[in-house]
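> Next up is a structure, given as structure tokens.
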Amino acid sequence: MKPLLLARQVSYGPARNPRLIDIDLQLAAGDRLALLGTNGAGKSTLLQLLAGILAPAGGEVRVLGQRLDEAAPALRRHIGFLPQRVPAYTELSVTENLQWAGRLRGLRQRALQTAIERVLQALQLDKVRARLAGSLSQGMLQRLGLAQAVLHEPDILILDEPTAGLDPLQTEQIRELLGTLSANCSLILATHLLDDVQRLCDRVILLDGGRKAAEHTVTADTDLLAHFRRPMSDAGAGA
Amino acid sequence: MIGAIALHESRRLRAGMMFWLLLAFGQLIIAWLSFAQLETFAGIAPQLKASGATLGAMDLVITPTFNSLVLLLLLCAPLLAMGSLAGEVHSGRIALWLSSPVSGTQIVLGKALGLWLATLPLLLSGILTLAALGFAADLDWPRFALAATSLLLFGLWLGCITLFLSSLFDHPAAALAASYGILLFLWLLDSLSGTDAPWYWFALLPHIEPSLSGLLRSQDIVFFVATAGAALLLSSYALARRRGDA
């Protein structure tokens, strides 16, 4: 069976100072993968490569067996991406932002309206649907970003630090929402928070200096902190 | 999709304060200029008639006001266009665009059209204000139509150029400064060099003034089509470079 998402020997950046070197990963339907690493480890760059925002300098990214590049933009319809900064227009309302995100992803008229109502309910945004995105709290803005990412029911959901900058209550609410939203798709999540990994993912890749340092399965008993402290010595080892 | 992007871009601009300020400022300037030109024309019209001169409202009111509208557009368009791509990068929204199943060419064409749509209210209000003179004076309507069409197409050209300059920067303010610098340079180029200088072909005024007086020349069409086409191609290239594709 073809993997949903496959990255093979992916590198990015100038040859003298690459930001990512020879990353391999694959994601099957229903997988929940976390990317863990220190600041500058390359997590966000890797996510942008997997989402088709950046093109790799070496290697390839494949979605459903097809190469993800500018020649096949339609493949990006299978992906929902939430970057670190929510890509919302502050001068437009929540509904207008969702309408535009949906149109960009190819949703039209009735299907778009139905999808908007669905995500407004699922992410508990219906009470603020008419408010300008610029007037939302950080937690609500993060929900709007998530709504934009799942609006078109993607097969792969890619999230870059979805709980960053949130208070503990908002973090908990977003985690619960993510648990629900990712039930019908595969998930890749970059985070600093070990709790996010433990609660939401079944596999973790540790990145260090732009390289894949280790990959582990995650269970309730996995000591993520120990793995995180010695990623390089664990390279290639299983859990 | 290009149409949807154009409508979104125009809507985004209309949702901001800048659009309405520019529209209000533009209306004020157009009204003031039109009346000033009209007053001058009314003052000298009897003498023109007595001397048998062929100059009319088109030459003495419409064309000078259209020329002023070009200058107004050169001031306003960079303010509207500065955020088109540089603003998307600066705010992080570029991720939404580049992760969507939309090609770079569609984004560029849609945004250029959107910028044009956003300048249309200003242009149309100016054109309609001047067309209203037709109730009081004899206008050469075919010349007027050609000049008005040229002005509208100049708005589209300006959208392409300012979009390209916006694609080069990560911050709208940098895009704005570059746009003013380049457009001012093109505006002044004919007065900085002789007509035989090789770069004279790039001077803006010698290309726009004839069509605003109702004279359509193939060399002007070539100038505008070639420079707008190059700007769109380079904008697509700049977007591809952001991906790391080029």
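> Any idea which residue in segment A:50-62 is surrounded by the fewest Cβ atoms within 10 Å (Cβ to Cβ), counting only those that are over 23 Å from A:Pro162 (Cβ atoms) and within 8 Å of another protein chain (Cβ to nearest Cβ)? Quick ask: steps written out before the conclusion?
Taking segment A:50-62 first, the residues over 23 Å from A:Pro162 (Cβ atoms) are A:55-60, A:62.
Imposing the further condition that a residue be within 8 Å of another protein chain (Cβ to nearest Cβ) reduces the set to A:55-57.
Working: A:Ala55: 19, A:Pro56: 24, A:Ala57: 16.
By that ranking, first place goes to A:Ala57.
> Among the numbered conditions (1) out of contact with any Asp or Glu (no Cβ under 6 Å at 6 or more places or on another chain); (2) away from chain A (no Cβ under 14 Å), tell me where B:Met58 comes up short.
(1)
> If you don't mind, there's one more thing I want to ask. Filter segment A:16-38 for residues that are assigned to a loop (DSSP other than H, G, I, E, B) and free of Cβ contacts under 8 Å to residues at least 24 places away in the same chain and give the result.
Answer for segment A:16-38, where residues must be assigned to a loop (DSSP other than H, G, I, E, B) and free of Cβ contacts under 8 Å to residues at least 24 places away in the same chain: A:Arg16, A:Asn17.
> Checking B:Ser68 against (1) out of contact with any Lys or Arg (no Cβ under 7 Å at 6 or more places or on another chain); (2) closer than 30 Å to A:Gln148 by Cβ: exactly one of these is not met. Which one?
Evaluating B:Ser68 over (1) out of contact with any Lys or Arg (no Cβ under 7 Å at 6 or more places or on another chain); (2) closer than 30 Å to A:Gln148 by Cβ leaves (2) as the failure.
> Taking the condition of being facing chain B (nearest Cβ under 7 Å) and over 15 Å from B:Val89 (Cα atoms), how many residues in segment A:77-98 meet it?
So the answer is 5.
> Quick check: anything in segment A:69-88 closer than 15 Å to A:Ser11 by Cα and surrounded by fewer than 21 Cβ atoms within 10 Å (Cβ to Cβ)?
Yes: segment A:69-88 contains one or more residues that are closer than 15 Å to A:Ser11 by Cα and surrounded by fewer than 21 Cβ atoms within 10 Å (Cβ to Cβ).
> Can you say whether A:Glu96 is out of contact with any Lys or Arg (no Cβ under 9 Å at 6 or more places or on another chain), in a helix (DSSP H, G or I) and not hydroxyl-bearing (Ser, Thr, Tyr), as far as the supplied structure shows?
No.
> Here's a check for you: in segment B:170-186, which residue that is of a type in the set (A, V, I, L, M, F, W, C) and surrounded by 15 or more Cβ atoms within 10 Å (Cβ to Cβ) is nearest to the chain's Cα centre (by Cα)?
Looking at residues that are of a type in the set (A, V, I, L, M, F, W, C) and surrounded by 15 or more Cβ atoms within 10 Å (Cβ to Cβ), I get B:Leu183.
> In segment B:187-244, what count of residues is obtained for those that are under 19 Å from the mean Cα position of the chain (by Cα), surrounded by fewer than 16 Cβ atoms within 10 Å (Cβ to Cβ) and outside any helix (DSSP H, G or I)?
Residues in segment B:187-244 being under 19 Å from the mean Cα position of the chain (by Cα), surrounded by fewer than 16 Cβ atoms within 10 Å (Cβ to Cβ) and outside any helix (DSSP H, G or I): 3 in total.
> Quick one: which of B:Leu85, B:Leu73, B:Leu60 is without any contact (Cβ under 8 Å) to a residue 60 or more places away in the chain and at negative phi? Let's see the steps before the verdict.
On the way: B:Leu85 fails: without any contact (Cβ under 8 Å) to a residue 60 or more places away in the chain; B:Leu73 fails: without any contact (Cβ under 8 Å) to a residue 60 or more places away in the chain.
Just a single option satisfies the conditions, and that option is B:Leu60.
> OK, next. Go through (1) modelled with pLDDT under 90; (2) out of contact with any strand residue (DSSP E or B) (no Cβ under 9 Å at 6 or more places or on another chain) for A:Gly210 and report which single condition fails.
(2)
> Specify the residue that is farthest from B:Arg12 (Cα to Cα); the eligible residues are those in segment A:97-116 that are out of contact with any helix residue (DSSP H, G or I) (no Cβ under 8 Å at 6 or more places or on another chain) and of a type in the set (D, E, K, R).
Out of the qualifying residues, it is A:Arg110.
> Sticking with this one: Residues in segment B:1-50 that are charged (D, E, K, R) and within 28 Å of B:Leu117 (Cβ to Cβ): how many?
4
> Is at least one residue of segment A:63-70 over 16 Å from the mean Cα position of the chain (by Cα) and at the interface with chain B (Cβ under 10 Å from one of its Cβ atoms)?
yes
> Of the residues B:Ala86, B:Ala95, only one is more than 14 Å from every other protein chain (Cβ to nearest Cβ) and small (Gly, Ala, Ser); which?
Sole residue among the options that is more than 14 Å from every other protein chain (Cβ to nearest Cβ) and small (Gly, Ala, Ser): B:Ala86.
> Determine whether segment B:31-43 contains at least one residue that is part of a helix (DSSP H, G or I), under 19 Å from the mean Cα position of the chain (by Cα), modelled with pLDDT under 90 and not polar (S, T, N, Q).
Yes, segment B:31-43 contains at least one residue that is part of a helix (DSSP H, G or I), under 19 Å from the mean Cα position of the chain (by Cα), modelled with pLDDT under 90 and not polar (S, T, N, Q).
> Please determine whether any residue of segment B:146-169 is closer than 23 Å to A:Pro87 by Cβ, of a type in the set (Gly, Ala, Ser), in contact with a Leu (Cβ under 9 Å, 6 or more places away or on another chain) and surrounded by fewer than 21 Cβ atoms within 10 Å (Cβ to Cβ).
No; the residues of segment B:146-169 include none that is closer than 23 Å to A:Pro87 by Cβ, of a type in the set (Gly, Ala, Ser), in contact with a Leu (Cβ under 9 Å, 6 or more places away or on another chain) and surrounded by fewer than 21 Cβ atoms within 10 Å (Cβ to Cβ).
The values are calculated or read from the model by the stated rules, or taken from the named source; none is laboratory data. A quick note: this is a predicted structure, and the numbers were derived from the prediction, not measured. Glycine also receives a Cβ, built like all others from the backbone with ideal geometry; neighbour counts cover every protein chain displayed.
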